[in-house]
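Colleague: To start, I am sharing the structure in question, which I have written as structure tokens.
The values are calculated or read from the model by the stated rules, or taken from the named source; none is laboratory data. Keep in mind the model is a prediction, meaning the values are calculated, not measured. Cβ: placed from backbone, ideal geometry, glycine included. Neighbour counts: every protein chain shown.
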Amino acid sequence: EFPTYFHSGQFPLITFFVFSAMIFGTITNQDLPVIKCVLINHKNNDSSVGKSSSYPMVSESPEDLGCALRPQSAGTVYEAATVEVDVSASITLQVLVDTPGNISCLWVFKHSSLNCQPHFDVQNRGVVSMVILKMTETQAGEYLLFIQSEATNYTILFTVSIRNTLLYTLRRPYFRKMENQDALVCISESVPEPIVEWVLCESQGESCKEESPAVVKKEEKVLHELFGTDIRCCARNELGRECTRLFTIDLNQTPQTTLPQLFLKVGEPLWIRCKAVHVNHGFGLTWELENKALEEGSYFEMSTYSTNRTMIRILFAFVSSVARNDTGYYTCSSSKHPSQSALVTIVEKGFINATNSSEDYEIDQYEEFCFSVRFKAYPQIRCTWTFSRKSFPCEQKGLDDGYSVSKFCNHKHQPGEYIFHAENGDAQFTKMFTLNIRRKPQVLAEASASQASCSSDGYPLPSWTWKKCSDKSPNCTEEIPEGVWNRKANRKVFGQWVSSSTLNMSEAIKGFLVKCCAYNSLGTSCETILLNSPGPFPFIQDSISFYATIGVCLLFIVVLTMLICHKYKKQFRYESQLQMVQVTGSSDNEYFYVDFRDYDYDLKWEFPRENLEFGKVLGSGAFGKVMNATAYGISKTGVSIQVAVKMLKEKADSSEREALMSELKMMTQLGSHENIVNLLGACTLSGPIYLIFEYCCYGDLLNYLRSKREKFHRTWTEIFKEHNFSFYPTFQSHPNSSKKK
């Protein structure tokens, strides 16, 4: 089944995944990795939406989707439970893979491959995520994830559906005739309930703008004033604004060079308005479809006198629900005006017709230029322009031939790849553009004792020439044919060409001025160099450059050494505190060292992080900080207690996280004791690591001892004097020790 999802550009790679999955299909269940599929719901904190990793979201607890092997499938296929979400919801589909070694992956959705960047969590599990921001109907469907590991290949299937398509929708308004009245009702079946308004213009077409003083707005669903030049109905709610224009043939206007065309989908209502103005009432209007008069009841007429006493007649043709046989040429005729026609085309589903081949452009640095896409679409599209992962507004303009055009001029002469994307609920369309900026070469020159070098950047690729200046004259005309070496040019993606040329020193050109020139179709740029000039200047210049380079290198080495020493010292100091355990054996000084990184973390200590309510900071150090918090249900269900939560500071590296996990494992091995600050729980999943300890209401031990300095000092002094103790028992001799042994 799976190859039907792929487009030709991704076929070789995806075929490899599918073929590999079929090969490994006979693997036993014992060889399969442990896979967990989860759904993470996000609450958007901002109305703007973008697929940026910095997008502000609050995540809910992960929901287990229960990945299970699909029976009777070609290859190893896991299927997650169907995900049902609301429109505009933001979610993350996530797969946790417990498998050794690295993994590679590929997402596929509706014939297109999507980026996949696996990473590993603190438990060394592979994590693959797909973020879907502000869910729409076009984003619902099946998401396939292909994973390849060192041991096996397998496929994971997610099915995402919209919980209720009637929730949070904005549909284009449509017209309906009121019973027993010559009036139109404008209806928009949207949720939340939209505000419906009529926009009446004295001018027709694109000149009908809302900011025009000739525009009249009426927030009523019923309209009796149907004699205007341009009539539109708009519906708006929190999702945006959609408008529908009343299609009009004006017999007093000069016919268009291209026959006007109206597209409708099967089941939609058809409304065409024919308008004519004459000096008196002595004229009539008729409608014909393919040279046949319309049936009675499918049209009605309205008339009125204008302010200058001319007669205005309006003849409506309408069908409440169109079918394919309603396609054809609709002609409006008048006894006093030339007839005009319109082509009505009924389609099964919406479409977007445009050429999707990529286009490359080269422009000058200050040339005015706009990208342009010409398309024909129904229903009206929603579109965006994208450059460097940033989205820009998309404007559309209708043309006389039934096509529309969208232009993008705000590129600011930045070279790169620009993307136009459009969709209308039934179809999607994407077109790629490449922009290159032509620029005259800019030359930089330098000289040493044995050669002269010039470098340049520009577009198109510059060419090089070297010339010799006779008698140190600035007029250099004699070309140097030998000793020139042009290095291979390189270019950053969509950037300028960077090239260089070197002239090796020879006796014939020593002591002369030479000129290196780079040129392309936009012009020439040159630099003049004096080779082996008499006097100390070249030597001094070379010496300064040499010593400056040595100084910079030494400074860099010193700084790098300091950073390495600081990091090693910090890591050693932190880890050494976690690895030493004293054990009293046959001698008082016997120690052994335990590396708690080799121990497994017992998940029984795991505590839901959402049950923590943080307070003030209790203290901080070089590696982390301790915060006061209220823990709900950590000791007993329904009971909250004060705790101290230890955590790392922001931007902690992997060694610090590993050391904190070692401390956690050490505390779980020690268990509880009345004379230590006991561990109550920990949070290690889906976020930063938290260690939850008992809260000491009297503060830390050091400050407590300091506050009781006099009491403790007097008490311990008396004890040591009374019992003749020493602080250094290991340095005292024990005459009876041999007997005790």
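Colleague: Going by what's in this entry, would ILE529 be described as surrounded by 10 or more Cβ atoms within 10 Å (Cβ to Cβ), closer than 14 Å to ALA447 by Cα, among the β-branched types (Val, Ile, Thr) and at pLDDT below 80?
Modeller: no
Colleague: Can you tell me how many residues in region 405-435 are among the aliphatic types (A, V, I, L, M), assigned to a strand (DSSP E or B) and more than 14 Å from VAL373 (Cα to Cα)?
Modeller: Of the residues in region 405-435, 1 are among the aliphatic types (A, V, I, L, M), assigned to a strand (DSSP E or B) and more than 14 Å from VAL373 (Cα to Cα).
Colleague: Only one of MET647, MET666, MET661 is outside any loop (DSSP other than H, G, I, E, B) and touching a Pro at 6+ places or on another chain (Cβ under 7 Å); which?
Modeller: Of MET647, MET666, MET661, the one residue that is outside any loop (DSSP other than H, G, I, E, B) and touching a Pro at 6+ places or on another chain (Cβ under 7 Å) is MET647.
Colleague: While we're looking at this one, here's another question. Going through region 631-658 one residue at a time, which ones are surrounded by fewer than 16 Cβ atoms within 10 Å (Cβ to Cβ) and modelled with pLDDT of 90 or more?
Modeller: Of everything in region 631-658, those that are surrounded by fewer than 16 Cβ atoms within 10 Å (Cβ to Cβ) and modelled with pLDDT of 90 or more turn out to be ILE641, GLN642.
Colleague: Still on this structure, I have one more. I need the strands (runs of 3 or more DSSP E) fully contained in region 309-399, keeping only those with at least 3 residues that are over 45 Å from the mean Cα position of the chain (by Cα) and under 29 Å from VAL185 (Cβ atoms).
Modeller: Passing ranges, in order: 311-319, 328-334.
Colleague: If the requirement is being β-branched (Val, Ile, Thr) and exposed (fewer than 15 other Cβ atoms within 10 Å of the Cβ), which of these qualifies: THR99, THR82, THR92?
Modeller: That would be THR82, the only listed residue that is β-branched (Val, Ile, Thr) and exposed (fewer than 15 other Cβ atoms within 10 Å of the Cβ).
Colleague: On to the next question. Within region 239-258, take every residue that is under 42 Å from the mean Cα position of the chain (by Cα) and outside any loop (DSSP other than H, G, I, E, B) and give me the one that is farthest from ASP401 (Cα to Cα).
Modeller: GLY240
Colleague: Here are LEU702, LEU664, LEU660, LEU648: which of them is under 29 Å from HIS566 (Cβ atoms) and not assigned by the TED database to the domain that holds ASP602?
Modeller: Going through LEU702, LEU664, LEU660, LEU648 in turn, the sole match is LEU702.
Colleague: Is it the case that some residue within region 481-496 is at pLDDT below 85, surrounded by 12 or more Cβ atoms within 10 Å (Cβ to Cβ) and within 30 Å of CYS383 (Cβ to Cβ)?
Modeller: Checking region 481-496: at least one residue is at pLDDT below 85, surrounded by 12 or more Cβ atoms within 10 Å (Cβ to Cβ) and within 30 Å of CYS383 (Cβ to Cβ).
Colleague: Of all residues in region 313-367, which are free of Cβ contacts under 8 Å to residues at least 60 places away in the same chain, hydrophobic (A, V, I, L, M, F, W, C) and closer than 25 Å to ILE381 by Cα?
Modeller: Within region 313-367, VAL319, VAL322, ALA323 meet the criteria.
Colleague: Yes or no: region 418-438 includes at least one residue that is surrounded by fewer than 15 Cβ atoms within 10 Å (Cβ to Cβ), touching a residue at least 12 places away in the same chain (Cβ under 8 Å), charged (D, E, K, R) and farther than 30 Å from ALA140 by Cβ.
Modeller: No, that holds for no residue.
Colleague: Right, here's the next one. Among (1) surrounded by 20 or more Cβ atoms within 10 Å (Cβ to Cβ); (2) touching a Ser or Thr at 6+ places or on another chain (Cβ under 6 Å), where does MET661 come up short?
Modeller: The single condition MET661 does not satisfy is (2).
Colleague: For region 419-442, state whether one or more residues are more than 32 Å from the chain's Cα centre (by Cα) and not polar (S, T, N, Q).
Modeller: Yes: region 419-442 contains one or more residues that are more than 32 Å from the chain's Cα centre (by Cα) and not polar (S, T, N, Q).
Colleague: Return a yes/no flag: does region 545-554 have any residue that is part of a helix (DSSP H, G or I), surrounded by 11 or more Cβ atoms within 10 Å (Cβ to Cβ), among the small types (Gly, Ala, Ser) and at pLDDT 55 or above.
Modeller: So far as region 545-554 goes, yes, one or more of its residues are part of a helix (DSSP H, G or I), surrounded by 11 or more Cβ atoms within 10 Å (Cβ to Cβ), among the small types (Gly, Ala, Ser) and at pLDDT 55 or above.
Colleague: Oh, and also: Say whether the condition of being assigned by the TED database to the domain that holds ARG70, of a type in the set (Val, Ile, Thr), at pLDDT 90 or above and in contact with a helix residue (DSSP H, G or I) (Cβ under 7 Å, 6 or more places away or on another chain) is met by at least one residue in region 136-156.
Modeller: yes
Colleague: How many residues are over 16 Å from ILE529 (Cβ atoms), charged (D, E, K, R) and either touching a residue at least 60 places away in the same chain (Cβ under 8 Å) or in a strand (DSSP E or B) (or both) if we restrict to region 456-497?
Modeller: Count: 2.
Colleague: Sticking with this structure for a sec: Is there a residue in region 672-679 that is over 25 Å from PRO62 (Cα atoms), assigned to a helix (DSSP H, G or I) and either in contact with a helix residue (DSSP H, G or I) (Cβ under 8 Å, 6 or more places away or on another chain) or in the same structural domain as ARG125 (by the TED database) (or both)?
Modeller: no
Colleague: Pick from region 63-92 the residues that are part of a strand (DSSP E or B) and polar (S, T, N, Q): which of them is nearest to THR136 (Cα to Cα)?
Modeller: Applying the filter and picking the extreme gives SER90.
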